[in-house]
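Engineer: The structure that follows is given in the form of structure tokens.
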Amino acid sequence: MANAPTTGNLYADLSQYYDGFCHDVNYAEQCDFTKRAFDCFAESNSHDYLDLACGTGQHLNLMHNKGFSVTGLDNSQQMLDATAVRCPSAALMLCDLASFDVTARFDLISCFLYSIHYSHPIAALTETLRRAFSALKSGGVFIFDMVDKQGIAERDVVTQLAQDQAEFTFRSGWRYSGSGESMELQVSIQREDAVSVQNWQDYHPMTAITIEHMHALMIAAGFKVTILERDYSLLKEWDNTSYNVIMVGQKPCAT
């Protein structure tokens with residue numbers, strides 16, 4: 001028998017299943033790309049790395065294995081607890097994307113899985129970019145992926161997982177009205193075992209923005225910007241037609 005959906009923080013309530021829900025994400029390929037991009041664009045002289053919205057620490061662990069000293073930031077203590085198990089060497093920060101306060105500490109900052117859009121509204125996103133710039137050492141780089149609001153498709157991603165003698169169905173998708181700076185990430189999870197069916201629902205306001213507008217905000221924050229195709233298998237400049245890109249912001253070296 002199914003219960004009424006529970007609305008709450010799924011990333012906290014079901015954090016132990018997060019890796020299963022994301023099993024199709026190729027973290028190794030993303031980290032290989034990140035290392036290549038760092039080698040190509042960075043002009044700082046060390047390997048201090050911060051991952052924003054680090055989740056359960058997949059990127060941190062892989063980048064640590066590539067020789068980086070790693071720090072993770074997330075607004076979920078449950079996610080950070082999982083990160084501490086996966087990557088004990090990681091320093092961890094519990095705070096919002098627009099709230100971290102460090103200066104000239106990192107050579108590399110990343111924010112993947114479109115998590116930059118959680119920085120909502122535009123004013124918060126602007127603050128996140130400003131703080132990322134401040135947190136970079138001279139010559140450091142900030143790398144993140146994004147989707148242009150003009151290319152948002154209202155389709156759901158569905159993942160199924162068998163764990164703890166139950167079947168889970170994870171469904172997520174963006175919803176955008178076609179105008180304005182706000183979109184919504186709708187997330188639902190169903191857990192079914194031999195006795196019952198449980199359902200959870202969650203809704204996250206996210207920033208809807210064009211690539212052009214993001215580029216302008218990064219320039220205003222002080223970055224030198226390169227826009228790449230969101231293809232982690234290579235480093236390829238954006239062709240100005242696709243809607244999914246990787247933004248690379250370089251903090252100019254002090255003169």
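The values are calculated or read from the model by the stated rules, or taken from the named source; none is laboratory data. Everything numeric here is computed off the predicted structure, so don't read it as measured data. Methodologically, a virtual Cβ is constructed for each residue, glycine included, from the backbone with ideal geometry; neighbour enumeration extends over all protein chains shown. Each accessible area value is taken on the protein alone, full model and side chains, heavy atoms only, with ligands, DNA and RNA left out. Shrake-Rupley method; radii C 1.70, N 1.55, O 1.52, S 1.80 Å.
Engineer: Just to check your reading of the model, which residue among 206, 247, 183, 214 is hydrophobic (A, V, I, L, M, F, W, C), assigned to a helix (DSSP H, G or I) and under 19 Å from residue 149 (Cβ atoms)? First the steps, then the outcome.
Structural biologist: Values: 206 fails: assigned to a helix (DSSP H, G or I); 247 fails: assigned to a helix (DSSP H, G or I); 183 fails: assigned to a helix (DSSP H, G or I).
One residue alone meets the criteria, 214.
Engineer: Output the residues belonging to segment 114-125 that are surrounded by fewer than 17 Cβ atoms within 10 Å (Cβ to Cβ) and either touching a residue at least 24 places away in the same chain (Cβ under 8 Å) or of a type in the set (Lys, Arg) (or both).
Structural biologist: Correct list: 121, 122, 124.
Engineer: Given the conditions (1) under 19 Å from the mean Cα position of the chain (by Cα); (2) open to solvent by less than 30 Å² (accessible area, probe 1.4 Å); (3) touching a residue at least 40 places away in the same chain (Cβ under 8 Å); (4) more than 23 Å from residue 251 (Cα to Cα), report the number of the one that residue 168 does not fulfil.
Structural biologist: It is condition (1) that residue 168 fails.
Engineer: Oh, and also: Quick one: count up the residues across segment 26-59 that are open to solvent by 40 Å² or more (accessible area, probe 1.4 Å) and in a loop (DSSP other than H, G, I, E, B).
Structural biologist: The number of residues fulfilling the criteria is 4.
Engineer: Could I ask something else about it? What are the pairs with Cβ atoms under 9 angstrom where one residue, in segment 34-45, is without any contact (Cβ under 8 Å) to a residue 40 or more places away in the chain and of a type in the set (Lys, Arg) and the other, located anywhere, is open to solvent by 90 Å² or more (accessible area, probe 1.4 Å) and not in a helix (DSSP H, G or I)? Sequence gap at least six, or different chains.
Structural biologist: none
Engineer: So, one more: Restricting to segment 191-207, what's the tally of residues that are touching a residue at least 60 places away in the same chain (Cβ under 8 Å) and either on the phi > 0 side of the Ramachandran plot or not acidic (Asp, Glu) (or both)?
Structural biologist: 11
Engineer: Restricting the search to segment 186-203, which residues are loosely packed, with under 15 Cβ neighbours inside 10 Å and in a strand (DSSP E or B)?
Structural biologist: Scanning segment 186-203 gives 192, 197, 203.
Engineer: Moving on to the next point. Only one of these is under 20 Å from residue 16 (Cα atoms), hydroxyl-bearing (Ser, Thr, Tyr) and at pLDDT below 95: 76, 115. Name it.
Structural biologist: On the way: 115 fails: at pLDDT below 95.
Unique residue meeting the criteria: 76.
Engineer: Which of the following residues is surrounded by 18 or more Cβ atoms within 10 Å (Cβ to Cβ) and farther than 20 Å from residue 217 by Cα: 62, 136, 108, 97?
Structural biologist: The unique qualifying residue is 62.
Engineer: Okay, next question. Can you confirm whether residue 177 is open to solvent by 60 Å² or more (accessible area, probe 1.4 Å) and of a type in the set (Gly, Ala, Ser)? Steps first, answer last, please.
Structural biologist: Numbers: open to solvent by 60 Å² or more (accessible area, probe 1.4 Å): yes; of a type in the set (Gly, Ala, Ser): yes.
Answer is yes for this residue.
Engineer: Go through segment 226-255 and give me each residue that's β-branched (Val, Ile, Thr) and either modelled with pLDDT under 95 or open to solvent by 30 Å² or more (accessible area, probe 1.4 Å) (or both).
Structural biologist: Quick first cut of segment 226-255, residues β-branched (Val, Ile, Thr) only: 226-227, 241, 245-246, 248, 255.
241, 255, listed by residue number.
Engineer: With 18, 49 as the choices, which residue is under 16 Å from the mean Cα position of the chain (by Cα), over 30 Å from residue 252 (Cβ atoms) and in contact (Cβ under 8 Å) with a residue 12 or more places away in the chain?
Structural biologist: 18
Engineer: Still on this model: Mind checking whether some residue in segment 67-76 is open to solvent by less than 10 Å² (accessible area, probe 1.4 Å), part of a loop (DSSP other than H, G, I, E, B) and closer than 20 Å to residue 217 by Cα?
Structural biologist: Scanning segment 67-76 turns up no residue that is open to solvent by less than 10 Å² (accessible area, probe 1.4 Å), part of a loop (DSSP other than H, G, I, E, B) and closer than 20 Å to residue 217 by Cα.
Engineer: What tally of residues in segment 139-165 results from selecting those that are under 30 Å from residue 240 (Cβ atoms), modelled with pLDDT under 95 and surrounded by 16 or more Cβ atoms within 10 Å (Cβ to Cβ)?
Structural biologist: Qualifying residue count for the region: 1.
Engineer: Same structure, new question: For residue 92, are the conditions met, namely being modelled with pLDDT of 95 or more, assigned to a strand (DSSP E or B) and open to solvent by 50 Å² or more (accessible area, probe 1.4 Å)?
Structural biologist: For residue 92, the condition - modelled with pLDDT of 95 or more, assigned to a strand (DSSP E or B) and open to solvent by 50 Å² or more (accessible area, probe 1.4 Å) - is met.
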